[in-house]
Amino acid sequence: MAEVTQSSVHEPPHQAKTARRHHSLRRRLLVLLLVPLSLIGVLAMVDAYRDARITANEISDRVLSGSALAIAERVIVGADGTLEVDVPYVALEMLTSSAQDRVFYRVEGPGGGFITGYEKLPVPAGEFNETIGNRARFSDASFRGDAIRVATMDGAVSTGKRSIPYRVVVAETTNARQKLAQDILIRTAVRQALLVGIAAIIVWIGVTRALRPLQRLEEAIGRRSMDDLRPIEHAVPSEVEQLVVSINGFMQRLGGALDALRHFTGNASHQLRTPLTVIRTQLELTRRAQSDEDASAALQMADGAVIHAERTLAQLLLLARVDEASADRLSEATFDLADLAQTTTAGYLAKAREKNVDLGFEADPGKVSIKGDSMLLGELLRNLIENVIAYAGEEVQATVRVSAQGQAAVLEVEDDGVGIDAGNRAKAMERFVRFSSDTQAGAGLGLSIVAEIAELFGARVTLDTGEQGKGLLVRIVFPEKGSVLQTAVPDTTSPEAVKR
């Protein structure tokens, strides 16, 4: 025998570990909220870096343009008629920075003739623009292995007889520009990180507060005992309300199933105890019988008890099925009530003849269709027919009848037998109720099964005296919403033996 450890026996059900770990709802919400926010922050950083470079270029280009203009203003015509320039120190001083950028300049005359500065400094191509005070043109280039920003300004000086064009080119390395752009980007990144951090804290607090009703719901359910299947009535967010409704519906169905199991267990224990005792007693009498006649009589009594136990067990199982159907959703299939009643009646003709019961079937022309579980309705009709055969007496007539009243379907089982007193008819539909006039063995479940199945269909059951003033008439009227009358031609292939 396999050894069972103590921990496996006493481990509470709520501590059992599941094989699959589920993701945290809080973590999922945080990811869904913060990941898009972080992506937006990254896009904002890219845009901020582009703006930082544009801003750094605009600021530095203004200084570079001022330096070129300062040099251009010092271009003059010498005594020999050539261009001369006295480069002012301030023109280059304004370009100095903590980034230790290097500054280059070049001044050239007509035809690109070199005047002063760095002779190999690249000069943008283009015709001279002799308009004095022309705005500088900017371009990017490379000089001595470094990236440079170039400002080009054209101008002209007059000798009194003619104008001599010139071009001033001032360039500087881009270290200061890059450092300024980086500083702007770093300050922007710090602000973005602070905003994302603050947003994360706000989102965490908001998600925690939003999930607090679910935590209270979890605690309330966790405090319940195993037998507490009352509906959950705690206030929950509207997004979870439908989940709570589904849980309440499940607990209601579970409660119905447990009640059905308890009813079946109690009923089976109560109803089967007597026939089993009879069977055991008769078997003991058979063992002690002195003659074959005594043994045969005892076996016959035991056989009757077995038949009674078998019928009782079948009815108890049917009651359990009815209880289960009442706790669950009833089938919505559509079927023909007349066909079901006719087929069921035909199956009891031989048994009815053995009891000298004239069993017949009648139906209005047309097809009466209803919605529901045809198996349960068949059991309802079988219980009515078996009650007639068992309790109505001999030499009686019984009729199963299907008709329509407007849009409602009607099922009737009538006999002219002993019937049931008017004062006992309501009580006759309760479970395990039998009357002293009953001479046959039974559990008193037949009419109670009929009443409970009819309730599932929303039908109304009435017990009345037969049309001839005697016997019993059981009438079941199905609601209009559950039945539909169709004017179809009756099925001529059905067994004629059950029709009068």
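Once you have the Cα-Cα distance between A235 and A350, take 0.36 nm times their residue separation minus that, and quote the gain in nm to one decimal.
Length gained, A235 through A350: 35.2 nm.
How large is the convex hull of the Cα atoms of the range 28-68 per residue, expressed in Å³ as a whole number?
31
When the accessible area of the range 333-434 is computed with all protein chains present and a 1.4 Å probe, what percentage of it is carbon and sulfur?
45
Please compute the per residue accessible area over the range 385-426 with all protein chains in place, 1.4 Å probe, rounded to a whole number of Å².
41
What nm value, rounded to one decimal, do you get for the distance between M375 and Q407 when each label is placed 7 Å out toward the C-beta?
Here the answer is 3.0 nm between the modelled labels.
Could you derive backbone 3J(HN,Hα) for the range 222-238 from the dihedral phi with the Karplus parameters 6.51, -1.76 and 1.60 (θ = phi - 60°), listing whole Hz in sequence and x where the residue is Gly or Pro?
Whole-Hz 3J(HN,Hα) from phi for the range 222-238: x, 7, 6, 7, 5, 8, 8, 10, 5, x, 7, 10, 6, 6, 10, x, 4.
Convert each backbone phi in the range 163-174 into a coupling constant with the Karplus relation 6.51 cos²θ - 1.76 cosθ + 1.60 (shift: θ = phi - 60°), then list the ³J(HN,Hα) values in order as whole Hz, x for Gly and Pro.
My calculation for the range 163-174 gives 10, 10, x, 8, 9, 10, 10, 10, 9, 8, 5, 9 Hz in order.
How many nm is it between the label spots at A44 and D259, if each spot is 7 Å from the Cα in line with the beta carbon?
Between A44 and D259, the label points sit 5.9 nm apart.
Using all Cα-Cα distances in the range 190-240, what percent lands in each 5 angstrom bin from 0 up to the longest?
Histogram of Cα-Cα distances, whole percents per bin: 4, 17, 18, 15, 12, 10, 8, 7, 5, 3, 2, 0.
In nm, to one decimal, how far is the D227 label point from the Y89 one, both placed 7 Å along Cα→Cβ?
Going by the 7 Å Cα→Cβ label model, 10.5 nm.
For T55 and D80, what does the FRET efficiency come to when R0 = 60 Å and r is the distance between their Cβ atoms, rounded to the nearest 0.05?
0.85
Given a cut-off of under 8 Å on Cα pairs at least six residues apart, what relative contact order in percent is computed for the range 140-274?
It rounds to 12 percent for the range 140-274.
Amide H to amide H under 5 Å from T465: which residues, 5+ apart in sequence or cross-chain, H placed 1.01 Å off N in plane?
HN-HN under 5 Å from T465: L473.
Among 207-213, 64-70, 342-348, how do they line up from the highest to the lowest mean number of other beta-carbon atoms within 10 Å?
Averaged packing, sorted descending, gives the order 64-70, 342-348, 207-213.
Estimate the FRET efficiency between R191 and Q215 by the formula 1/(1 + (r/R0)^6), using the beta-carbon distance for r and 22 Å for R0, to the nearest 0.05.
FRET efficiency, R191 to Q215: 0.05.
The values are calculated or read from the model by the stated rules, or taken from the named source; none is laboratory data. Small disclaimer: the values here were computed from a predicted structure and weren't measured. A quick note on method: Cβ atoms are made from the backbone with ideal geometry, for glycine too, and the neighbour counts reach across all protein chains shown. Surface accessibility is based on the protein's heavy atoms, side chains included, excluding ligands, DNA and RNA. Shrake-Rupley method; radii C 1.70, N 1.55, O 1.52, S 1.80 Å.
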